[in-house]
Every structure is written in C-alpha cells, then in structure tokens.
Amino acid sequence: MKKILYAFCCLLLTQELYAQNYLATHNLIRTQVASSIFKQRPGTTIPADNKCITADEARSWLYLDESTLPTNGRMPWYQELKPCNNVYVLNTIESLNVYTACGSYIYDVGYNVDLRDNCARSKIKNNSFWAGDTTVCGVNICTSASPSSIQLNAKSARLLSTTANTGDTTPMVTSRIATNGLMAAAAWVAPAGPMNRCGIKSLTPDEQWTTMTIKRTLTHAGTYYIGVGADNYFRVSVDNQLVAKYEGLDQAAFELWHIVPVTLTAGDHYFTIGYSNHSSASGLGVEMYDNTAAQLRAATSYSTLNLIFSTADFRGSNVSLCY
C-alpha cells in the first residue's frame, strides 16, 4: 500500500511540474500586456484569438529576454517568455583611439571559444581598414596587458568629437592621449577600426550584462565569420551555442577585433550578443561576414564585404536590453 501511495504522489507531483509548462495564447498575452507584465513593442498588434504565440511572434511583439526562447522551431513555454522592461535607445559608442588599436585577428577553425590569451589566430596585416590607432596598442599579443597599462591607455585616450557645419558627416575630432603620464592635445581624425565604425552602447549599469538577439535567414550553408570587440567583456552565441567570449579585465577585449569562424546551415539562425562594462567608457561592436578568410584579409571597405549584420544597424533603435 505504501508503495502504491508513493507512486501515486510521484505521479501527481510529476503532473503538477508538467502543468507549470504551458503554451500561452494571444489572448493571454494581450491580458498580461494590459496588466504591465509584458511590454509590447510599438507598432505591433497582438491578435485577439486563442492561437498560441510562436517564438518569432514573441520576438516581434514583446520586449523579452530572448536568450531563453527556443530556436528549434517549437513554440515557447510560458516560462520561457521572460519579461524584459529595461528598454533603451542604443547609442553610438564614444570613439576611442584604443579600440582595435592592435588590429584584427582571424581565429583558426577549432579555436577555443574562450578568447582570452588565445593564440590560435593570425593578424590581418598591412590593411588599415581592419586597424585602429596602432601607436597606442597596449597588448602583448597572446598575453594580457598589465593593470597599470589598462589605466594608462584605455581610459585616458577618450576622444571628444564635434561635427563641422559644412554638410560633411565626418567628425572633426580632438584627442587627448596619455604619453608618459602627461596629457597632450593634438589634432586628430575620426578614429579608425571596426569597433569604432559599428560600436553601440546602452545605459546599463556597470558590471551588469546587456543582451540582444538578432535573427537572420541564411541563404546557404557554409563557414561565416563573426567579428567582435567590447569594452570590457563580451559573449556571442549562435542558436544558444556559445561561440566566443572574453571575460578578462584587460585591453585585449577591445584593442583587438576578434574574428571567429562559425559553420552554419541555410535557414533561420539567432545570434545573441552581450557585453558588460567595468567602468568609464563602454560599448560593443559585432559584425557578421559571408566571406572567406582570404576575402576578409583583402577587404579595404564595406563594398568588398558581404555583411550579414552589424551592430551599427541598431544605433538609434529601441532595443530590449536585459540584465
């Protein structure tokens, strides 16, 4: 009898646990938007019916922590619809001459996704399109910079920009660069390199992670490349699979542009990118290229690249950033 009662209790418990995972209807979501449980994206309409919400609908209609949504085509459980009401306008990063100061590196196939002190990579040489101000590179390649070097180079090289009223959109920039502990003002051109070109930033508090998910439909299978840099830490996942991270407090996260290969099938894929700042200036840059490694090395402008997405596309957008 005890065994029967035990089995019966286990069955009830199991059913209760499964009952907690249920599909959410459009009408339920509408009700919870009205109750401020979820925040609806502007310009969207949630149907007044009892059809279940799909993952793509959830991404399109609601501000959510998209990292928990399924990417295999199934409908999301209600518990996977995690509200994210921290909605910010993404801004252009503050341009710094230390961003990509040490150049861009392409990682070898089979690389370790933890990119800190990872030497399975090779530099794109003699190509200014892929480099920032190389005179302020403060990283010993394959090793991390010292804390004192971090403070000297990274945070004192902030650039102050103004735009001349001439119809020219190129910023006129004055930089203040630390040299032997002294600050010297000098005329400067707009900082170069991928991270300055595409970087974004949010108002998320320091030491908190912000994330966003980008959906792209790929027309063919093959090896693609994702370039990334952040001040200070970053993570990149494809279809919930981590493909790159840098979580060490040193300059290599942003003085290098890290380009990693990812092999993908044709069809829909979800790219979740995130960053966290330690203090002062912050930002994240991510781009995805449909090019070979040789084509990347030869590229001297975006006109010679097949760009799948860039974080520059999201500047000025309202984005659900969860932390």
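The values are calculated or read from the model by the stated rules, or taken from the named source; none is laboratory data. Bear in mind the structure is a predicted one, so any value in this text is a computation, not a measurement. Here Cβ is always computed from backbone atoms with ideal geometry, including for glycine, and neighbour counts include all displayed protein chains. For accessibility, only protein heavy atoms count, side chains too; no ligands or nucleic acids. Shrake-Rupley method; radii C 1.70, N 1.55, O 1.52, S 1.80 Å.
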Among helices (runs of 4 or more DSSP H) completely within the range 1-95, the ones holding 1 or more residues that are at pLDDT 95 or above and within 30 Å of the chain's Cα centre (by Cα) are 26-34
For residue 299, indicate whether it is farther than 15 Å from residue 199 by Cβ, modelled with pLDDT of 90 or more and of a type outside the set (Val, Ile, Thr). yes
Scan the range 42-72 for residues that are out of contact with any Cys (no Cβ under 9 Å at 6 or more places or on another chain) and more than 17 Å from residue 25 (Cα to Cα) and jot them down. 42, 43, 68, 71, 72
Within the range 227-265, of all residues that are within 15 Å of the chain's Cα centre (by Cα) and of a type in the set (S, T, N, Q), the one nearest to residue 291 (Cα to Cα) is 237
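If you scan the range 259-289, which residues turn out to be outside any strand (DSSP E or B) and surrounded by fewer than 18 Cβ atoms within 10 Å (Cβ to Cβ)?
Selection gives 265, 266, 278, 279, 280.
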Quick check, is residue 229 out of contact with any helix residue (DSSP H, G or I) (no Cβ under 9 Å at 6 or more places or on another chain) and not hydrophobic (A, V, I, L, M, F, W, C)? no
Inspect the range 294-310 for any residue being of a type in the set (S, T, N, Q), in contact (Cβ under 8 Å) with a residue 24 or more places away in the chain and assigned to a helix (DSSP H, G or I) and give the result as yes or no. no
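Of all the residues that make up the range 201-258, how many are small (Gly, Ala, Ser), open to solvent by 30 Å² or more (accessible area, probe 1.4 Å) and part of a strand (DSSP E or B)?
Within the range 201-258, residues that are small (Gly, Ala, Ser), open to solvent by 30 Å² or more (accessible area, probe 1.4 Å) and part of a strand (DSSP E or B) number 0.
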